[in-house]
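Remarks on the structure that follows.
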Amino acid sequence: MELDAVAEAPGDADDGFMSASDAKLAEANERYVRLAADFDNYRKRSQRESQELAAGAGEALVKDLLPVLDNLERALAACAEAKVEDGSPHAAAVESVAKGVELTMRQFQAVLAKQGVERIQAVGKPFDPHRHEALLQEEREDATVETVTGELEAGYVLRGRVLRPAKVRVARPSSARPPAKASS
């Protein structure tokens, strides 16, 4: 029976050795898994920040180009308002300039649309403070809710995000209250 006791002793020592090795292996594996997760999180965060930076740069460029589009629209409106007599040598020039400005404006709008820029439709829509900036207000009997009645400057969104709110005139329901009396 002494042999059995001797045979068990080395096995116990072997189990202790294996337990320490298993613990070290498990610890190393856990560090590896955490490191891999940290690296994956870093990679995803870097990719997201890079995309946000690129989108921000594009947004800034589009914001800088919107006044150019506004000026093209003003030039086209000025050409339409120009009172030039038919047969006048200037009539053909005004018409030619108007066509050139219109073509340029359409091309510019197409490039912006390709980049995801859309004009905010304002007139006739309910007033939305996130998309409209009210510059003028008027009370109207026929208005039931605040409604945009005129656009003073166009607003634009880029992929659903407001770049510039539309500057508008708003009709609001008239108050049915009598005017307050001045106290003496």
(request) Set the Förster radius R0 to 25 Å, insert the Cβ-Cβ distance between Glu52 and Gln115 as r into 1/(1 + (r/R0)^6), and round the FRET efficiency to 0.05. (result) 0.90
(request) Would you mind putting 133-141, 149-157, 47-55 in packing order, based on average other-beta-carbon counts within 10 Å, highest first? (result) 149-157, 133-141, 47-55
(request) Using R₀ = 45 Å, calculate the FRET efficiency as 1/(1 + (r/R₀)^6) where r is the Cβ-Cβ separation of Val33 and Leu103; round to 0.05. (result) 0.15
(request) Might you work out the accessible area of Asp38 for me, using a 1.4 Å probe with all protein chains in place, and round it to the nearest 10 Å²? (result) 100
(message) I'd like to know which of Ala143, Gln107, His90 lies farthest towards the positive end of the charge dipole of segment 89-184, counting +1 on Cβ of Lys and Arg and -1 on Cβ of Asp and Glu.
(response) Gln107
(message) What distance in nm lies between label points placed 7 Å from Cα along the C-beta direction at Glu138 and Leu152?
(response) 1.3
(request) For segment 34-174, report the convex hull volume of the alpha-carbon atoms normalised per residue, in Å³, without decimals. (result) 141
(request) Under 24 Å between C-alpha atoms is the cut-off here; go through segment 41-133 and count lysine pairs that meet it, provided they're at least eight residues apart or on different chains. (result) 4
(message) Using the Cα atoms of segment 40-105, I'd like the radius of gyration and the largest Cα-Cα distance, Dmax, both in angstrom.
(response) 21.7, 73
(request) Grab the eigenvalues of the alpha-carbon gyration tensor for segment 79-151, scale each by 5, take roots, and send me the semi-axes largest first in whole angstrom. (result) 35, 21, 8
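The values are calculated or read from the model by the stated rules, or taken from the named source; none is laboratory data. Note that this is a predicted model, so its numbers are computed, not measured. Neighbour counts run over all protein chains shown; Cβ positions are idealised from the backbone, glycine included. Just so you know, the surface numbers come from the protein's heavy atoms only, side chains and all, with ligands and any DNA or RNA stripped out. Shrake-Rupley method; radii C 1.70, N 1.55, O 1.52, S 1.80 Å.
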